[in-house]
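Worksheet: the structure to be examined is printed underneath.
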Amino acid sequence: MNTIQTQVLVIGAGPAGYVCAIRAAQLGLSAVIVECDKPGGTCLNVGCIPSKALIHAADEFHKLTTFCDGQAASTSMGISAKSASIDLHETIIWKDGIVDRLNMGVSGLLKKANVQVLQGVARFRDGKTVIVEGHDETVQVHSDNVVIATGSEPVEIPSLPFGKKILSSTDALSLTQVPETLAVIGGGYIGLELGISFAKLGSKVTIVENENRILPQYDKELTEPVVKRLEQLGVRVLTQTKALSYSGDDLMLKITGTNNEESEIHADKLLVTVGRRARLSDWGLEELSLTTQNGFISIDEQCQTSMRGVYAIGDVSGEPMLAHRAMAQGDMVARILAGQLRRWDQQCIPEVCFTDPEIVTAGLSPDDAEAAGEQFNVCQFPFKANGRAMSLQREDGFIRVVTQKESNVILGLQAVGTGVSELSAAFSIAIEMGACAEDIAATIHAHPTLSEALQEACMAAIGFGLHI
Ligand code: FAD
């Protein structure tokens, strides 16, 4: 068997792994990366990018349909259209084109950085040796340091196994026909992003959620505008409801609510989005003595696992399972391996939920601040008083700031509204740089923009609200 000796071996070429390998090679280390599928991982192939492409296509189509059915006339914009149609097959080809371009981009970057790419399944033999089974040959890689970046996979409900009419998010992103009726099991961010998209594409969507409200990771105030929008879009939301079983023959989903009474709803397809779990199997975890906790590989502030020279980054290493956390960890570990002094000291990891309207959060929510025992103030500015939001015909939502009582230091920023995802950078920069409400209030914000609402919320936080 051919043996390769390297300084850094990365397993998995998702956002965590490919960033780590490229940075390590840029910093002068020999780097090998193993990938059993396409470069870019979940994010690029079946996650962030394709879902945002579908969301955009659905938005565009939905806007067009509103111009056809006369709703636009009632908003006095004066636009009307005769008809709107969508060929989802074409939409998927367009989406795949974006994915292909990005796949090629990642491959090109790996090549440019001189990273050796091995296509195949990696399996640990011991903490420094990995066997890679490729299509044509099997090679052994011996490395000074190994970085596990095997990512995550969708959780299956045993009584509703993926296949045929029961879809995972990956399957839903490749549908070539819009289902007439769709039941989404799980009202978290992936289920809602996709559920809202299919509603806009014309499906009759029902969301089935076990908890007593959708998007339970956010506070109720933040999710309220999304709930209202779901109503407008005709999406039925069943909370405190459990999906039991599905008959693919008569297309009926059996559910049970709080009263334990069983009932059935019709669904041509089911989309099961009840969470994701770290990919811990099939790569030889049992050959290592790694500590795991709550289904993730335990890591310290340098992403070191319990074994010397073995690192874990990205979804496999814990929450939040987000691409930008994965990339930041990949970059940090490469720098540590190159001898730089680094540790994870980020103040916040922004999170965006690409629903309609979007939700963005960074730092502490009022509930988090309470739990942390902080003395704090909360101020918010509604988009209904923001000129840009009015001109976009989307006045729903607000920006909220949580500040420390004595110092006015910003502890957290949250927003819900159309297009607020783009504010995530401003939110995290403010928190990372230790900004006070005064700093944001005294900064000139271009007019007319949604970010003026950020300035206004901060003005209100120091007792000088202006436009409200
Ligand atoms: P992955 O991207 O999962 O990559 C792991 C790679 O390892 C895979 O390519 C896999 O094939 C490979 N691999 C695994 N085992 C082996 C092995 N034994 N040998 C060789 N290769 C192996 N995050 C965001 O930040 N924003 C979003 O908007 C967003 N939207 C999402 C939408 C959907 C529908 C989904 C499913 C996820 C979304 N995410 C989003 C989450 C994001 O995709 C993940 O957090 C991110 O991909 C994690 O990166 P990773 O590198 O840790 O793992």
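General observations
- Computed about the Cα centre, the dipole magnitude for region 351-461 is approximately 300 debye when only Lys and Arg (+1) and Asp and Glu (-1) carry charge, each at its Cβ.
- Tail weight of P(r) past 30 Å, computed on alpha-carbon pairs of the chain, percent: 53 percent
- Each principal axis of the Cα cloud of region 1-139 was evaluated for its coordinate range; sorted largest first, these ranges are 69, 31, 23 Å.
- According to the Kirkwood relation over distinct C-alpha pairs, the hydrodynamic radius of region 166-274 is 13.8 Å.
- Close amide H contacts of R276 (hydrogens built in the peptide plane, cut-off under 5 Å, sequence separation of 5 or more or a different chain): V155.
- Applied to region 384-390, the Karplus parametrisation 6.51 cos²θ - 1.76 cosθ + 1.60 on θ = phi - 60° returns per-residue 3J(HN,Hα) values of 5, 10, 10, x, 5, 4, 4 Hz, with x for Gly and Pro.
- Here the dipole of the chain is about 720 debye; that uses its Cα centre as origin and unit charges on the Cβ of Lys and Arg (positive) and Asp and Glu (negative).
- Coarse-grained scattering of region 356-468 at q = 0.17, 0.18, 0.19 Å⁻¹, given as base-10 log I(q)/I(0) from a Debye sum over alpha-carbon atoms: -0.72, -0.81, -0.90
- Reach of K254 by Cα under 24 Å, taken over lysines that are not fewer than 8 positions away in the same chain: K164, K165, K204, K242, K269
- Ranking of F354, F398 by neighbouring Cβ atoms within 10 Å, starting from the fewest: F354, F398.
- Comparing F376, P366, A426 along the charge dipole axis of region 351-461, the residue lying farthest to the positive side is A426, per the Cβ-charge model.
- Based on alpha carbons, the Rg and Dmax found for region 89-186 are 18.8, 54 Å.
- Ranking of T273, T443, T258 by count of other Cβ atoms within 10 Å, fewest first: T258, T443, T273
- Region 299-341, dipole about Cα centre (Lys/Arg Cβ +1, Asp/Glu Cβ -1), debye to the nearest 20: 140 debye
- Residue order for M390, M307, M1, fewest other beta carbons within 10 angstrom first, comes to M1, M390, M307.
- A simple spin-label model places pseudo-atoms 7 Å from Cα toward Cβ; at E231 and W344 they are separated by 4.0 nm.
All of the numbers you see were taken from the coordinates with simple rules; none came from a lab. It should be emphasised that the depicted structure is a prediction, and the values quoted were computed from it without experimental measurement. A quick note on method: Cβ atoms are made from the backbone with ideal geometry, for glycine too, and the neighbour counts reach across all protein chains shown.
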